[in-house]
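The block underneath contains the structure these notes are about, expressed in C-alpha cells.
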Amino acid sequence: MSVSAPITQDVHTMPRKLPEGPQNLIGLTREQMRDALIASGTPEKQAKMRVGQIWQWIYQWGKRDFAEMTNLSKAFRAELADTFALEIPEVVTRQVSEDGTRKYLVRIAGGHEVEVVYIPEDGRGTLCVSSQVGCTLTCSFCHTGTQKLVRNLTAAEIIGQVMVARDDLEEWPEVGARRVETRLLSNIVLMGMGEPLYNFENVRDAMKIAMDPEGIQLSRRRITLSTSGVVPEIHRTAQEIGCQLAVSFHATTDDVRDKLVPINKRWNIEALLDALREYPKVSNSERITFEYVMLHGVNDSDADAHRLVELIKGIPAKINLIPFNEWPGAPYKRSSNNRIRAFAEIVYNAGYASPVRKPRGEDIMAACGQLKSATERARKSRKQIEAEAGLS
C-alpha cells in the first residue's frame with residue numbers, strides 16, 4: 001500500500017473571531033448561564049429559577065425570541081433582549097438525497113462552514129454532528145481529512161446543529177404540550193467533521209445540554225461519540241459524558257493502521273485496546289462499536305477478519321462494517337459485496353454482531369467519510385485533491 005499520511009497536516013488554525021454584540025446564551029451550561037445572568041444584574045437568589053425558565057424555553061420549546069418567554073415579566077424580557085442573544089448556526093444550503101437523507105451546510109462565526117447530516121430510518125432518525133471545522137487527523141480514506149483543521153467548534157455551534165435539524169424537521173413541541181416519545185431526531189452521532197476528543201470540553205458541554213431532562217431530553221444511550229483513538233480522553237468520556245463509544249478502527253495491524261488512521265503512530269492498536277478494555281461503561285448492554293471501512297485489497301481479507309476478532313476478544317463489542325464511500329481523488333476502492341459478506345460471516349461466527357452499514361446520501365456527498373465544506377471543496381481542483389490524498 002503506497003498511500004501514506006503524516007500524523008497531522010500543516011495546520012493553519014485560525015483564531016476564532018467572536019461575534020460582536022450581546023452574549024449568546026445558547027451553548028452555556030446551567031452554571032455558566034447563571035453566572036451570566038447574575039453579572040447582568042439578576043438577583044443571585046432568583047438566578048437559578050431564571051435559568052430553569054429560560055432553559056426550557058430554549059431547549060424544550062425551541063424559542064429564540066425573549067419576547068415569547070411569557071412566564072417572565074415584560075421588563076425582564078426586555079433586559080434579556082438588550083443584554084443577550086439566542087443564536088445558532090446559519091443554514092447556507094440544504095440538500096435532500098433520494099433516500100431521504102438531509103445534508104445541511106451551516107455557517108458559523110468567522111464565516112467558516114461545516115456539514116451536518118440527518119439520516120431517517122425505520123423507527124429512528126440520526127443526526128451526524130460535526131465538532132471541528134476540518135480535521136487534523138488526515139485519515140487517508142476520509143474526504144474530510146483532506147481539509148485542514150481551522151478551529152474547534154464552540155458548544156453553541158455543536159448543540160446549534162441539533163437545533164438547526166429540529167427546526168427543519170419542525171420537531172419543537174407546542175408550548176405546554178406533553179412530550180411525544182416518537183421522535184424524528186432520536187439519536188446523535190458525533191461522526192461528522194473533526195475528532196470530538198480533540199475538542200472535549202465543548203463536545204461535553206453540548207451533549208450535556210442535549211441530555212438535560214428539562215430540554216431536548218435525549219438519553220445518553222442515544223448519543224454515540226466516535227473517536228479515531230485519542231487514548232488519554234477515552235476514560236474521561238465515560239466519566240464526564242457517559243455516552244456510547246465508537247472507535248474508527250479500520251485495520252488489524254499497526255503497519256496498515258498507521259497509514260489509514262495516522263493517529264495510530266501516537267497510540268497504537270495495543271494502547272487503544274487497553275484503554276477500551278478499561279472503559280467504565282463497557283458491558284453487554286453498552287457495547288463499544290468498532291467501525292471498520294472496507295477497502296479493496298487493503299484490510300478486507302479473511303486473515304484480517306480473523307485477526308480482528310482475536311484483537312477485540314474480551315471487549316463487549318459490535319463491528320460496524322462500512323463499504324467505502326468513494327470521493328473525487330480517493331486513493332482506495334470499495335470492497336466487493338462478496339468480500340464484505342465473507343468478512344462479516346467470519347466476524348459473526350466468532351460471536352460478534354457484524355452489520356454492514358448501508359451507504360446513505362451518496363448522491364449528495366453525505367455518506368460516511370465524505371463530509372467537507374462546500375467552499376473548501378470548490379476551491380480545490382481535482383489534481384490538488386489527488387495530491388493531498390497521496391496519488392500524485
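Structure notes:
- Rounded accessible area of His235 (nearest 10 Å², 1.4 Å probe): 100 Å²
- Region 98-241, accessible surface, carbon-and-sulfur percent (1.4 angstrom probe): 45 percent
- Chain lengthening between Ala67 and Ile315 when straightened (0.36 nm per residue, less Cα-Cα): 84.1 nm
- Taking all protein chains together, Arg166, Arg124 sort by accessible area into Arg124, Arg166, largest first [probe 1.4 Å].
- Segments 168-176, 343-351 sorted - mean Cβ within 10 Å per residue, highest first: 343-351, 168-176
- With 5 Å bins from 0: P(r) over region 150-274, alpha-carbon pairs, percent: 2, 10, 19, 20, 17, 12, 9, 6, 3, 1, 1, 0
- Here the simple spin-label model places points 7 Å from the Cα toward Cβ, and for Arg107 and Asn337 these points are separated by 4.3 nm.
- Across the accessible surface of region 300-343, with the other protein chains kept in place and a 1.4 Å probe, carbon and sulfur atoms take up 49 percent.
- In the context of the full set of protein chains, residues of region 175-264 present 35 Å² of accessible surface per residue (probe radius 1.4 Å, heavy atoms only).
- Amide H to amide H, with H built 1.01 Å from N, Ala353 comes under 5 Å of Ile319, counting only residues 5 or more places away or on other chains.
- Cα gyration tensor shape for region 40-85, rounded if a/c is under 1.5, else prolate or oblate: oblate
- Label-to-label distance for Ala353 and Ala177 is 3.1 nm, based on points extended 7 Å past Cα in the beta-carbon direction.
- Computed with a 1.4 Å probe over protein heavy atoms only, the accessible area of Thr253 comes to about 40 Å².
- Mean Cβ count within 10 Å, highest first, over the residues of peptides 299-306, 194-201: 194-201, 299-306
- Modelled label positions at Gln217 and Lys45, each set 7 Å beyond Cα in the direction of Cβ, lie 3.2 nm from each other.
- The mean accessible area for residues of region 41-171, using a 1.4 Å probe and ignoring ligands and nucleic acids, is 38 Å² per residue.
- Sorting Met211, Met191 by solvent-accessible area of protein heavy atoms yields Met191, Met211, largest first, with a 1.4 Å probe.
- Nearest-20 debye value, region 153-260 charge dipole, Cβ charges on Lys, Arg, Asp, Glu: 380 debye
The values are calculated or read from the model by the stated rules, or taken from the named source; none is laboratory data. In this text the structure is predicted, and so the values were computed from the model without any measurement. Neighbour counts run over all protein chains shown; Cβ positions are idealised from the backbone, glycine included. To get the accessible areas, we keep the full protein, side chains included, count just its heavy atoms, and leave off ligands, DNA and RNA. Shrake-Rupley method; radii C 1.70, N 1.55, O 1.52, S 1.80 Å.
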